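Participant: Here's a structure for you.
The values are calculated or read from the model by the stated rules, or taken from the named source; none is laboratory data. The structure displayed is predicted, hence computed values, not measured ones. Don't worry about glycine lacking a Cβ; one is built from the backbone with ideal geometry, like all the others, and counts go over all protein chains shown.
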């Protein structure tokens, strides 16, 4: 997303649960950025072949739209696209990125996990720190 961190992997946390609205689901997305914690929330719209999330920053102006690929049971990985504007940059630029979501159950370390993955860090080792082997 950020031109300052081009090419680096960013790790965020997404939780989907019961909520208000037509479809009864809502989502919260969190990223730990160098500038602090970013949190967005909003409705989840399930469709026959996709899952849509329109998320707005709590107390701010940022908005992200996620379009996730069809999921199958049991869901453990979802992929798709996330678009919005760059959060850290000299100016607001439209951005789009691929997103991969891995399901975690009862991972206490996930609360402190996130942010840009340091260069040279193993993705497998990073996921193993959350109990995914």
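Participant: Which pairs turn up if I take residues in region 111-133 that are free of Cβ contacts under 8 Å to residues at least 40 places away in the same chain and look for partners that are surrounded by 12 or more Cβ atoms within 10 Å (Cβ to Cβ) and in a helix (DSSP H, G or I) with beta carbon separation below 6 Å, at least 6 apart in sequence or on another chain?
Facilitator: Going by the 6 Å Cβ cut-off, the qualifying pairs are 130/110.
Participant: Here's another thing I want to ask about it. Read through the list (1) touching a residue at least 40 places away in the same chain (Cβ under 8 Å); (2) outside any loop (DSSP other than H, G, I, E, B); (3) crowded, with 17+ Cβ neighbours inside 10 Å, then give the number of the only condition that residue 4 fails.
Facilitator: (3) is the only condition that residue 4 fails.
Participant: May I ask you to list the residues in region 32-58 that are more than 28 Å from residue 73 (Cβ to Cβ) and touching a strand residue (DSSP E or B) at 6+ places or on another chain (Cβ under 9 Å)?
Facilitator: Matches in region 32-58: 32, 33, 34, 37, 38, 39, 56, 57, 58.
Participant: Based on what the data block shows, is residue 18 under 15 Å from the mean Cα position of the chain (by Cα) and farther than 24 Å from residue 126 by Cα?
Facilitator: For residue 18, the condition - under 15 Å from the mean Cα position of the chain (by Cα) and farther than 24 Å from residue 126 by Cα - is not met.
Participant: Additional query: For residue 30, are the conditions met, namely being touching a helix residue (DSSP H, G or I) at 6+ places or on another chain (Cβ under 7 Å), part of a strand (DSSP E or B) and surrounded by 14 or more Cβ atoms within 10 Å (Cβ to Cβ)?
Facilitator: no
Participant: Hey, can you tell me all the residues within region 88-130 that are in a loop (DSSP other than H, G, I, E, B), in contact with a helix residue (DSSP H, G or I) (Cβ under 8 Å, 6 or more places away or on another chain) and either at pLDDT 80 or above or farther than 27 Å from residue 73 by Cβ (or both)?
Facilitator: 88, 89, 90, 93, 117, 129, 130
Participant: Return the total of residues in region 42-62 being assigned to a strand (DSSP E or B) and over 28 Å from residue 118 (Cβ atoms).
Facilitator: Residues meeting the conditions: 9.
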